[in-house]
Amino acid sequence: MKYRRLGKSGLQVSELSFGAWVTFAQQIGEKTAEKLMTIAYDGGVNFFDNAEAYANGKAEVMMGKILKRRRWGRDTFLVSSKVFWGGDLPNQEGLSRKHVIEACHAALRRLRVDYLDLYFCHRPDPNTPIEETVRAMSDLIGQGKVLYWGTSEWSVAEITEAHRIARELRLVPPTMEQPQYNMFHRERVEKEFAPLYDTVGLGTTIWSPLASGLLTGKYNDGDPGGTRISLKNYEWLREQFETNEARKRLTKVKRLAAVANDLGTTLPRLALAWCLKNPRVSSVITGASKPAQVKENMKAGELVDKLDDQVMKEIETILR
């Protein structure tokens, strides 16, 4: 496992990390989750990603029990939470000072830790002034309850505004952004955020590197069953797989699988290594429901050097 700086901060984060989205408390139980986290940790992963919205907080409860039981040194891992969707009542969602503070305290209880290494604003909140959110996050950092804060799926303008406010008011600015990034979803990381990498030193912890499973090849012949697109409340994900664009992408996936085969590897490893090839990516958040998947993902870093100019050109030709 290799480690990268999180933006311009001094924090070292494993290039491959492990997240709880969809799987924890939905697809898998605590026993399996502990196996997966342990394999990842033993493979060098030091960042575990979570959010208040994942399984309505149950994902954090599960991860907290595992962290306590494993007794890993607190200085050997990073754990995150994300704030936005905490409930159905007015002050149980969004980025108001009230919800940001209360959600942080709730995440600390669920995860059974004294502080969050990373705390993300899960989405921008048009109903709350950015200054209010920046002040709340800065206060949590001043209290030692959060070490670094960031955003997820914010626009360049919103991130820039948060930095301007922090600079003028001498508050703590966001360190990282968590955008979606994969072979089929590239615009924001490669183009939109380009001005921010050098100016504000933005780090990125990217999600959905396998395009919600599309880049594993398991949907090439239709839904095999038992996947995330079959889960209740994920109808929106299934709908994405039934569009004309998705069918075009499946054709490309089959061609990408041939590239992986020529390299003597698997399609998931190729897709993860492709993300790691981008130096602007601080960490690639992986997910899994089976031990074999984690073991396979952890080997993706070994493939990066094999993605030379010729291979990258071949992949680009397929994607276009």
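No value in this document is a laboratory result; all are computed from the given coordinates. Since this is a predicted model, take the numbers as computed values, not measurements. Glycine gets a Cβ as well: all are built from the backbone with ideal geometry, and neighbour counts include every protein chain shown.
Using the structure shown, decide if Y115 is among the hydroxyl-bearing types (S, T, Y), in contact (Cβ under 8 Å) with a residue 12 or more places away in the chain and buried (at least 19 other Cβ atoms within 10 Å of the Cβ). Talk me through it step by step, then tell me what you get.
Values: among the hydroxyl-bearing types (S, T, Y): yes; in contact (Cβ under 8 Å) with a residue 12 or more places away in the chain: yes; buried (at least 19 other Cβ atoms within 10 Å of the Cβ): no.
Here the answer is no, as Y115 does not meet what is asked.
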Can you find even one residue in the range 64-72 that is closer than 16 Å to E34 by Cα and in contact with a Gly (Cβ under 8 Å, 6 or more places away or on another chain)?
-> no
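Only residues that are among the β-branched types (V, I, T) and touching a Leu at 6+ places or on another chain (Cβ under 8 Å): list them for the range 140-186, please. Before you say what the answer is, go through the steps one by one.
Initial filter on the range 140-186 (among the β-branched types (V, I, T)): 141, 146, 151, 156, 159-160, 165, 172, 175.
The answer is I141, V146, V156, I159, T160, I165, T175.
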Restricting attention to the range 154-183, and to residues there that are in a helix (DSSP H, G or I) and without any contact (Cβ under 8 Å) to a residue 12 or more places away in the chain, which single residue is farthest from K277 (Cα to Cα)?
-> E168
Could you list, in sequence order, the residues of the range 102-153 that are assigned to a helix (DSSP H, G or I), under 22 Å from the mean Cα position of the chain (by Cα) and within 18 Å of G57 (Cα to Cα)?
-> A103, C104, H105, A106, A107, L108, R109, R110, L111
Among what's in the range 1-29 and is free of Cβ contacts under 8 Å to residues at least 40 places away in the same chain and within 24 Å of S212 (Cβ to Cβ), pick the residue that is surrounded by the fewest Cβ atoms within 10 Å (Cβ to Cβ).
-> G29
Qualifying positions in the range 50-63 - under 20 Å from T32 (Cβ atoms) and either without any contact (Cβ under 8 Å) to a residue 40 or more places away in the chain or assigned to a loop (DSSP other than H, G, I, E, B) (or both) = N50, A51, Y54, A55, N56, K58, A59
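Looking only at residues that are part of a helix (DSSP H, G or I) and free of Cβ contacts under 8 Å to residues at least 12 places away in the same chain in the range 184-193, which one is surrounded by the most Cβ atoms within 10 Å (Cβ to Cβ)?
At the first step, the residues of the range 184-193 found to be part of a helix (DSSP H, G or I) are 187-192.
Going one step further and asking which of them are free of Cβ contacts under 8 Å to residues at least 12 places away in the same chain, we end up with 187-188, 191.
Details: E187: 10, R188: 19, K191: 10.
Looking at residues that are part of a helix (DSSP H, G or I) and free of Cβ contacts under 8 Å to residues at least 12 places away in the same chain, I get R188.
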Could you say whether any residue in the range 82-99 is more than 23 Å from V22 (Cα to Cα), touching a residue at least 24 places away in the same chain (Cβ under 8 Å) and touching a helix residue (DSSP H, G or I) at 6+ places or on another chain (Cβ under 8 Å)?
-> yes
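Test F84 against the stated conditions and say whether it is surrounded by 19 or more Cβ atoms within 10 Å (Cβ to Cβ), within 22 Å of W154 (Cα to Cα) and aromatic (F, W, Y).
On the way: surrounded by 19 or more Cβ atoms within 10 Å (Cβ to Cβ): yes; within 22 Å of W154 (Cα to Cα): yes; aromatic (F, W, Y): yes.
Considered against the rule, which asks whether it is surrounded by 19 or more Cβ atoms within 10 Å (Cβ to Cβ), within 22 Å of W154 (Cα to Cα) and aromatic (F, W, Y), F84 comes out as yes.
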Flag for A33 being touching a helix residue (DSSP H, G or I) at 6+ places or on another chain (Cβ under 7 Å) and surrounded by fewer than 24 Cβ atoms within 10 Å (Cβ to Cβ) | yes
Just one of the numbered conditions (1) under 14 Å from V294 (Cβ atoms); (2) surrounded by fewer than 24 Cβ atoms within 10 Å (Cβ to Cβ); (3) out of contact with any Lys or Arg (no Cβ under 8 Å at 6 or more places or on another chain) is not true of A40; which one?
-> (2)
